[in-house]
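Below you'll find the structure, written out as structure tokens, and then a few comments.
The values are calculated or read from the model by the stated rules, or taken from the named source; none is laboratory data. Predicted model, so just to flag it, every value in this text is computed and none were measured. Note that each Cβ is placed from the backbone with ideal geometry, even for glycine, and that neighbours are counted across all protein chains shown. Note: areas computed on protein heavy atoms with side chains; ligands, DNA, RNA excluded. Shrake-Rupley method; radii C 1.70, N 1.55, O 1.52, S 1.80 Å.
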Amino acid sequence: MRSRRPASTTPPIARGEPPPTGPLSTAQLDLATLEFARAVARGLNDTPRWVPSRFLYDARGSWLFERICQLPEYYLTRTEAAILAAHAAAVAQTTGPVTLIELGSGSSAKTRHLLDAYAGSAETVQYVSVDVSDAALAEAEKRIAAKHPTVHVKGVVGRYEDAFRLFQHHSPCMVLFLGSTVGNLNHAESLGFWQQVADHLTPADFFLLGVDLVKDRRVLEAAYNDAAGVTAEFTKNLWVRMNRELDAGVDVETLEHVARYNAAWQRMEIFTRLEAPQTVHIAPLDLDVELGPGEMVMTEISRKFVIENLTRYLACFGLHLQSVYTDPRKWFAVLLLQKGETP
């Protein structure tokens, strides 16, 4: 994990254009590329084939995801934002003054409702934003500084696990995990994630969790198969990144985005389907992986939740429900949890 470079050295992101990718040092480039290469090699040689979803979020991937959040079919972002707008003051009143630590903060667009509420009740607010995208952090910090001069922002480039050690350092805190990003974790990853969260939170710390709820298949599948094709472009961008960073040599035009709901597992599953055979070259490892026509590579899952089941599960980690906020259709929920005393 490294602290994000000062925003003044990061080129601004022009509205309507993908953000530029700033140069990394040779050491950073080698380390990041090697991690990417190893993850791709491991996933493509597994059965079934897959690639970790975190690699979807390079600079262009993050920009595409922000576009997805504005699509008419993608109800998640605007529904969660409406819930936060309606209940941020109640959340702030319940927790009192805390440091806000957001995992996977992205543009921090929805977080503004919480910042409004906390800034209105305290002289200063500490906000730690953690994301894999340096460009997204820079733009968010600039926007927050313009609107909330009393909010002190610390941007940290890293993954969720890189942020766990920050919890106790900033206690009392409230960790934010919004956008139903928790749904991207499979069952094994979820167990590890929540155990780490529980181990690093102190009693009386809070956790604010946004989750997408189980609903009609047609609504779910439309959200991941938008008519404008932005989600398909988001999926294909992963392979564009492989070509750029790993010299993969993939013909991106022969790739198809596939997103479908698995009712048995209560999750959306997103794949790349190959219309033609491909030899994926992974240059840093001097490795080739042969993929046949019709093969599917999973690039992301998005689990959907039933509130009662989820709260019982979280209680096993000492995270106890304080409040549930939802929308009139009960499509999405925001859960305010508090860490209990260790028995």
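Brief remarks follow.
- Applying the condition of being assigned to a loop (DSSP other than H, G, I, E, B) and open to solvent by less than 30 Å² (accessible area, probe 1.4 Å) to the stretch 241-275 and asking which residue is nearest to A39 (Cα to Cα) yields A248.
- Given (1) within 20 Å of N184 (Cβ to Cβ); (2) of a type in the set (G, A, S); (3) in a strand (DSSP E or B), number of the condition S323 does not satisfy: (1)
- Exclusive hit being more than 19 Å from R241 (Cβ to Cβ), touching a Phe, Trp or Tyr at 6+ places or on another chain (Cβ under 6 Å) and of a type outside the set (S, T, Y), set L84, L100, L64: L100
- The stretch 221-252, residues that are under 18 Å from the mean Cα position of the chain (by Cα) and either aromatic (F, W, Y) or over 23 Å from A41 (Cβ atoms) (or both): A223, Y224, V230, T231, A232, E233, F234
- Odd one out for L71, checked against (1) open to solvent by less than 10 Å² (accessible area, probe 1.4 Å); (2) in contact (Cβ under 8 Å) with a residue 60 or more places away in the chain; (3) more than 20 Å from R241 (Cα to Cα): (1)
- Of all the criteria given as (1) in a helix (DSSP H, G or I); (2) more than 24 Å from H187 (Cα to Cα), the one not satisfied by N309 is (2).
- Taking the numbered list (1) over 20 Å from the mean Cα position of the chain (by Cα); (2) surrounded by fewer than 19 Cβ atoms within 10 Å (Cβ to Cβ) in turn, V151 passes all entries but (2).
- In the stretch 130-137 there is at least one residue that is acidic (D, E), in contact with a helix residue (DSSP H, G or I) (Cβ under 7 Å, 6 or more places away or on another chain), within 22 Å of T77 (Cβ to Cβ) and open to solvent by less than 40 Å² (accessible area, probe 1.4 Å).
- Complete set of residues in the stretch 63-86 that are touching a strand residue (DSSP E or B) at 6+ places or on another chain (Cβ under 6 Å) and closer than 18 Å to L220 by Cβ: L76, T79, E80
- Filter result (open to solvent by less than 10 Å² (accessible area, probe 1.4 Å) and either farther than 17 Å from C316 by Cα or aromatic (F, W, Y) (or both)) within the stretch 179-194: S180, G183, W194
- Residue match in the stretch 52-59 (condition: open to solvent by 20 Å² or more (accessible area, probe 1.4 Å) and more than 16 Å from D131 (Cβ to Cβ)): no
- When restricted to residues that are small (G, A, S), in a loop (DSSP other than H, G, I, E, B) and over 21 Å from L213 (Cβ atoms), the stretch 157-193 contains 2.
- Scope the stretch 76-101; condition buried (at least 18 other Cβ atoms within 10 Å of the Cβ) and either on the phi > 0 side of the Ramachandran plot or of a type in the set (S, T, N, Q) (or both); matching residues: T77, T79, T95, T99
- The set of residues in the stretch 312-341 that are in contact with a Gly (Cβ under 7 Å, 6 or more places away or on another chain) and surrounded by fewer than 19 Cβ atoms within 10 Å (Cβ to Cβ) comprises H320, G340.
- Exclusive hit being in contact with a Gly (Cβ under 8 Å, 6 or more places away or on another chain), under 25 Å from L201 (Cβ atoms) and of a type in the set (V, I, T), set V153, V125, V157, V130: V130
- Any hit, the stretch 224-232, residues being acidic (D, E) and either free of Cβ contacts under 8 Å to residues at least 60 places away in the same chain or open to solvent by 20 Å² or more (accessible area, probe 1.4 Å) (or both): no
- Yes/no for L314 being within 20 Å of the chain's Cα centre (by Cα) and either assigned to a strand (DSSP E or B) or at pLDDT below 95 (or both): no
- Leading residue by the ranking (least open to solvent (accessible area, probe 1.4 Å)) among those in the stretch 195-218 that are part of a helix (DSSP H, G or I) and more than 20 Å from V128 (Cβ to Cβ): Q195
- Within the stretch 102-129, if we keep just the residues that are under 16 Å from S180 (Cβ atoms) and of a type in the set (A, V, I, L, M, F, W, C), the residue that is surrounded by the fewest Cβ atoms within 10 Å (Cβ to Cβ) turns out to be A109.
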